[in-house]
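The values are calculated or read from the model by the stated rules, or taken from the named source; none is laboratory data. All values derive from a computational prediction rather than experimental measurement. Cβ: placed from backbone, ideal geometry, glycine included. Neighbour counts: every protein chain shown. The protein model used for the area step is the full one, side chains on, heavy atoms only, and it has no ligands, DNA or RNA in it. Shrake-Rupley method; radii C 1.70, N 1.55, O 1.52, S 1.80 Å.
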Amino acid sequence: MSTTKLFEPFQLKSLNLKNRIVMAPMTRSFSPNGVPTDAVAAYYSKRAASDVGLILSEGTVIDRVSSSNDPNIPHFYGESALAGWQQVIKSVHAARGSMGPQIWHMGIMENHHSGWLPAAPFEGPSDLARPGFSNGRAMSEKDIENTIRAFGRAAADAKRLGFDCVEIHGAHGYLIDQFFWEATNNRTDIYGGKTLSERSRFAIEVIKEVRKQVGEHFTIILRLSQWKGSDYSYKHAKTPAEMEAWLQPLADAGVDIFHCSQRRFWEAEFEESDLNFAGWAKKLTGKATITVGSVGLSGEFLAAFRGESSNPSSLDELIRRLDRGDFDLVAVGRALLADPLWVTKIRDNRSDELKGFTREALVELI
Ligand SMILES: Cc1cc2nc3c(=O)[nH]c(=O)nc-3n(C[C@H](O)[C@H](O)[C@H](O)COP(=O)(O)O)c2cc1C
């Protein structure tokens, strides 16, 4: 099948991409004390030089004492960390790439395996990371207000440093998703409620603040997932109507692109059609969307963490959906982590040179 559509340019507000391939955000934990190093800049600029259309950074955390559970995850605040990010975007632009940071607050977390702890307890809508697992404290309304401001400051810094867009991490069971989820949001104030729409208030306020800080023309991406690390089959929205009620207010608040995280992009979101999450999000809101999940690989990423290897696989089904207009952009995670040249090899039809993915690829930044 022809990959022509994958290599068409894409333009939306501040984004001018040479093709439709996005490097998915991937935590690497190679930023000691939260400061991205020259090796981190080299890792991203290598992908930019090898034709990745848009690079989304690994999750990088906002200015809250307990926004991270790992001292090697990059910060997106403070002079040294922002100077590190400045180097990253300079090198990516020098390699003719485009990039946005993925702005993150982890919420209630498990302690890091190293025993490292932040200087304050983890914080979330409640003290729960998932049903039955408590490790921290429920945020006050003042904490929530300060956290919303910290998301806004990070987005403003992304724009000031010269990034091309910003992505807000609202997926995978972290802080914003903990607000969405009824199992972790048992609040009785305005940030809680029986419906998903009521529990979306925190996310909506984050997006509005981010929009206020970056202005109308800067592209805002919101990453969402139905699944959580603790429950792969969970769905916030069980029907298209529920999905519309979830996504439309987020679109109205300022989201330009929904990044719809699935473990396998080809899985239908609802029974009535073969559309995936990104397909439904585009159809329901009219916004641009990014799909993701096992593109070009035989196995999915959470199994990969448990040691399962993945072999290269055909892009035909992906292309069928892209050609049909289901989504605008395609994010690729592990294939690009393991092989900086993945995009070039796809473009030049060098499929016999594709590498697949093994867990060893996580050990170093190549
Ligand atoms: C090592 C690794 C780290 C990841 N870290 C993040 C992250 O920081 N933020 C995020 O939203 N997703 C993260 N993910 C999920 C990826 O962005 C992507 O959705 C997932 O790997 C599926 O894409 P793939 O099948 O092409 O690998 C991570 C995945 C991997 C493999």
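When residues in the range 98-110 are screened for being in a loop (DSSP other than H, G, I, E, B), open to solvent by less than 10 Å² (accessible area, probe 1.4 Å) and more than 11 Å from the ligand (Cβ to nearest atom), 3 of them pass.
Scanning for something of a type in the set (Val, Ile, Thr), more than 16 Å from the ligand (Cβ to nearest atom) and either farther than 29 Å from residue 335 by Cα or under 15 Å from the mean Cα position of the chain (by Cα) (or both), does the range 238-247 turn up at least one residue?
To start, the set of residues in the range 238-247 that are of a type in the set (Val, Ile, Thr) comprises 239.
From the residues that got through so far, the ones that are more than 16 Å from the ligand (Cβ to nearest atom) too are 239.
In the following step, the residues that additionally are either farther than 29 Å from residue 335 by Cα or under 15 Å from the mean Cα position of the chain (by Cα) (or both) were identified as 239.
Checked against the condition, which is being of a type in the set (Val, Ile, Thr), more than 16 Å from the ligand (Cβ to nearest atom) and either farther than 29 Å from residue 335 by Cα or under 15 Å from the mean Cα position of the chain (by Cα) (or both), the range 238-247 yields at least one hit.
When residue 270 is tested against (1) more than 14 Å from residue 325 (Cβ to Cβ); (2) hydrophobic (A, V, I, L, M, F, W, C); (3) open to solvent by 20 Å² or more (accessible area, probe 1.4 Å), just one condition goes unmet, and that condition is (3). Hey, could you check the range 291-303 for residues that are more than 12 Å from the chain's Cα centre (by Cα) and among the hydrophobic types (A, V, I, L, M, F, W, C) and say which is farthest from the ligand (Cβ to nearest atom)? Only one residue tops the list, namely 303. Only one residue in 134, 98 is touching a strand residue (DSSP E or B) at 6+ places or on another chain (Cβ under 7 Å) and without any contact (Cβ under 8 Å) to a residue 40 or more places away in the chain, so which one is that? Just one listed residue meets the conditions, 134.
Return yes or no: is residue 120 at pLDDT 95 or above, open to solvent by 10 Å² or more (accessible area, probe 1.4 Å) and part of a strand (DSSP E or B)? Break it down stepwise before answering.
Details: at pLDDT 95 or above: yes; open to solvent by 10 Å² or more (accessible area, probe 1.4 Å): yes; part of a strand (DSSP E or B): no.
Taking the combined requirement at face value, the residue does not satisfy it.
Give the residue that is most open to solvent (accessible area, probe 1.4 Å), with candidates limited to residues of the range 29-57 that are out of contact with any Pro (no Cβ under 9 Å at 6 or more places or on another chain) and in a loop (DSSP other than H, G, I, E, B). By that ranking, first place goes to 37.
Looking at 219, 188, 239 in this structure, which one is under 22 Å from residue 283 (Cα atoms) and free of Cβ contacts under 8 Å to residues at least 40 places away in the same chain?
Numbers: 219 fails: free of Cβ contacts under 8 Å to residues at least 40 places away in the same chain; 188 fails: under 22 Å from residue 283 (Cα atoms).
Of the residues listed, the single one that is under 22 Å from residue 283 (Cα atoms) and free of Cβ contacts under 8 Å to residues at least 40 places away in the same chain is 239.
Any idea which of 183, 156, 203 is open to solvent by less than 10 Å² (accessible area, probe 1.4 Å) and within 24 Å of residue 260 (Cα to Cα)? So that I can check it myself, show each step before the final result.
Details: 183 fails: open to solvent by less than 10 Å² (accessible area, probe 1.4 Å); 156 fails: open to solvent by less than 10 Å² (accessible area, probe 1.4 Å).
Unique residue meeting the criteria: 203.
Taking the range 175-210 only, how many residues are closer than 17 Å to residue 252 by Cβ and in a loop (DSSP other than H, G, I, E, B)? Counting residues in the range 175-210 that are closer than 17 Å to residue 252 by Cβ and in a loop (DSSP other than H, G, I, E, B) gives 2. As a summary of the residue check, residue 77 satisfies the conditions (1) closer than 25 Å to residue 291 by Cβ; (2) assigned to a loop (DSSP other than H, G, I, E, B); (3) of a type in the set (Phe, Trp, Tyr) except for the one numbered (1).
Scanning the range 52-64 for residues that are under 22 Å from residue 364 (Cβ atoms) and not β-branched (Val, Ile, Thr) yields 56, 57, 58, 59. Of the residues making up the range 258-290, those that are among the polar types (S, T, N, Q) and either within 20 Å of residue 231 (Cα to Cα) or near the ligand (Cβ under 10 Å from one of its atoms) (or both) number 3.
Within 16 Å of the chain's Cα centre (by Cα), at pLDDT 95 or above and closer than 23 Å to residue 261 by Cβ: is that true of residue 62 in this structure?
Values: within 16 Å of the chain's Cα centre (by Cα): yes; at pLDDT 95 or above: yes; closer than 23 Å to residue 261 by Cβ: yes.
Against the criterion (within 16 Å of the chain's Cα centre (by Cα), at pLDDT 95 or above and closer than 23 Å to residue 261 by Cβ), residue 62 qualifies.
Cβ separations smaller than 9 Å between residues 6+ apart or across chains give the following pairs from the range 271-292 residues that are farther than 24 Å from residue 336 by Cβ to residues that are within 14 Å of the ligand (Cβ to nearest atom) and open to solvent by 30 Å² or more (accessible area, probe 1.4 Å): 274/266. Residue-level check: of (1) open to solvent by 10 Å² or more (accessible area, probe 1.4 Å); (2) part of a helix (DSSP H, G or I), residue 233 misses just (2).
Yes/no per residue for (1) open to solvent by 10 Å² or more (accessible area, probe 1.4 Å); (2) modelled with pLDDT of 95 or more; (3) part of a loop (DSSP other than H, G, I, E, B):
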site	(1), (2), (3)
237	no, yes, yes
243	no, yes, no
249	yes, yes, no
258	no, yes, no
283	yes, yes, no
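Of the residues screened, residue 140 is one that is of a type in the set (S, T, N, Q) and surrounded by fewer than 14 Cβ atoms within 10 Å (Cβ to Cβ).
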